[in-house]
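Heads up, the thing below is written out as structure tokens.
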Amino acid sequence: ATLEQWRSRSIYQVLTDRFARSDISTTAKCNTTAGEYCGGTYRGIIRKLDYIQDMGFSAIWISPVTYNIPEKTKFGYAWHGYWQQDLYRLNDHFGSAQDLKALSRALHARGMYLMVDVVTNHNGWNGPADSVDYSSYRPFNDQKYYHEPCAITDYTNQSIVEDCWLGDSTVPLPDLKTEDSTVRKMYNTWIAQLVSNYSIDGLRIDTVKYVDQPFWSSFQRAAGIFATGEVLSSNITFACDYQNQLSSVLHYPFYYAVIDFLNSTTGTTAPLLSAAATFKSSCKDPSVLTTFTENHDLPRIASQTPDLSLATNALALTLLWDGIPTVYAGQEQHYAGYADPDNREATWLSGYDRESELYNVVRVLNRVRSRALALDPRYATYNIWPLYSDAHTVVFRKGFPGANIVSVFSNTGSESASLSFNISSSAAGWKPGAEILEVLTCTKFVVPADGVVVVQVERGMPKVFFPLASAVGDLSICRVV
Ligand code: ABC
Ligand code: CA
């Protein structure tokens, strides 16, 4: 699918091994520290698509599908898929080629998209760098395709970052000569074939900043579909530079702004205000950056704070900021794993609870966003802007009247006292007399004649306002009466 088609999507990230097993067990053990395969499969995902789609997602991102280091390493098995060895063979722990095709078909039958994680920076090896058997790799079966081993000692030196190896001395990640035209051609042939074989709609690309930029232009062209690249940096200029080659990048700068806002006792609204002011002009197209507040590399929000109000703010920011929202499996269950490998819990151990508070927050927010986009596609490219802020609370608007979402975020947490302040209805895009729905509590109010709207914040919870007249066509947004 194209960038245009992805703009209005919403993505659910699963680690294939950890989301659902073929037997859809909710009790099968999965010890995250052991580094074992836990048994998740493509068939399992197919059986649990209702859980994902009912939450309002229209795409899933799955783990890399290729054949990886088969044996156990010091860091466990390659169940996450980032240690590939044979690009033309599948990791059969996740299922067969038929199963992967069936997943793609099942998604398309529901109008959903398949995004596959791909790695082009490196392969994986179990053993010291000088023991790599290059002939065992496919198609890059000769040392001539690789950079000489060296460690990344200086992250400010881009040629070291691009040409040295990731990993460590026990599991080195042999680094491909992506600047070489033969290597490029081989990758381009591979990706075109992979996309076509499995009818893939989008790519999440690993370790993008470790590869020379010119590689990405031809890779993007060969793939022919939407691709969002992982550029792990809080620097918006650096990250968005890669949007000149790829359709999109993971919105790490947004992630860091949200964490600065939520994660510390001294957090203020300043990082969000600065994000709203600068991101829109720092990127080629901010509306297709993929926003997130958790993924498999980061500490879960709940590992930093058990506060449900802060967790709700994080999800609301993820789903309502400019960009294509991405929610990592388990975030809707308030999972609390800290860093890799603890943050890679099996989703099935939650029992796929659809009554959980955050599951319903995600469901409602995905629906209101989809509704705004359906009413007015310009919602996607409308840059979010603040219409009120104090040290701990900020109100943003996104969208033209009729398809405008006005959202209130705060970092004071669920123990905090209620507070109220005024916003102007004209800034919000509301006419006096209009009925406005708050979708998280499913309550409504009428905009007063003088245009001064009193906003009440309780227990630090976010508020999400949408014109009632625009919501009524889709009662599933929330059961308003
Ligand atoms: C395994 C073990 C770990 C062990 C490690 C050595 O080996 O599990 O316990 O510590 C895969 C697996 C991992 C595995 C690794 C290495 O491979 O999933 O379990 O770890 O074998 C992607 C994927 C990730 C994947 C790989 C490798 C890359 O999402 O799952 O890992 O294919 C770096 C990379 C980034 C990578 C991430 C995990 O590490 O850039 O691609 N993710 C700085 C650096 C970043 C760096 C980050 C974290 O630290 O600049 O490049 O990310 O190490 C901001 C700055 C940033 C800064 C951050 C912290 O602060 O702007 O620059 O990031 O303000
Ligand atoms: Ca490299």
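Summary of values
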{"quantity": "Spatial extent of region 141-276: Rg and Dmax, with the Cα atoms as the point set, Å", "calculated": "17.3, 53"}
{"quantity": "Estimated inter-spin distance, SER199 and ARG221, nm [label 7 Å along Cα→Cβ]", "calculated": "2.8 nm"}
{"quantity": "Counting DSSP beta bridges with both ends in the chain, the antiparallel % (nearest 5)", "calculated": "60 percent"}
{"quantity": "Rounded Å value of the spacing that divides the Cα centres of region 328-407 and region 122-138", "calculated": "41 Å"}
{"quantity": "Residues of region 221-255 with amide N under 15 Å of the 7 Å Cα→Cβ point at SER281", "calculated": "237"}
{"quantity": "Evaluated at q = 0.14 Å⁻¹: base-10 log I(q)/I(0), Debye formula over Cα of region 323-481", "calculated": "-0.78"}
{"quantity": "Relative contact order for the chain, counting Cα pairs under 8 Å that sit 6 or more residues apart, in percent", "calculated": "13 percent"}
{"quantity": "The chain: angle of helix 213-223 to the longest principal axis, Cα-based, in degrees nearest 10", "calculated": "80 degrees"}
{"quantity": "Value of Rg/Rh across the chain [Cα atoms, Kirkwood radius]", "calculated": "0.98"}
{"quantity": "Vicinal HN-Hα couplings computed from phi for region 172-177 (Karplus, 6.51 cos²θ - 1.76 cosθ + 1.60; Hz; Gly/Pro x)", "calculated": "x, 10, x, 9, 6, 7"}
{"quantity": "Computed over region 1-140: relative contact order in percent, which uses C-alpha pairs under 8 Å that are six or more apart", "calculated": "26 percent"}
{"quantity": "Mean shadow area of region 24-153, taken as a quarter of the surface of its Cα convex hull (nm²)", "calculated": "9.8 nm²"}
{"quantity": "Full-extension gain in nm, CYS442 to LYS185, via 0.36 nm per residue minus C-alpha separation", "calculated": "87.1 nm"}
{"quantity": "FRET efficiency estimate (nearest 0.05) - Cβ-Cβ, GLN158 to SER420, R0 56 angstrom", "calculated": "0.65"}
{"quantity": "Computed [θ] at 222 nm, helices only, for the chain once each DSSP H run of length n ≥ 4 contributes -39500 (n - 2.57)", "calculated": "-8000 deg cm²/dmol"}
{"quantity": "Descending Cα extents along the principal axes, region 285-397, whole Å", "calculated": "39, 33, 27"}
{"quantity": "Virtual spin-label span in nm between ASP50 and GLN5, 7 Å along Cα→Cβ", "calculated": "2.7 nm"}
{"quantity": "Inter-label distance, nm, simple model (7 Å from Cα along the C-beta direction), THR26/SER169", "calculated": "4.8 nm"}
{"quantity": "Where N is the number of residues in region 189-250, Cα Rg divided by 2.2 N^0.38 Å", "calculated": "1.09"}
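Values in this text are rule-based calculations from the coordinates and carry no lab data. None of these values were measured; they are calculated from a predicted model. Glycine gets a Cβ as well: all are built from the backbone with ideal geometry, and neighbour counts include every protein chain shown.
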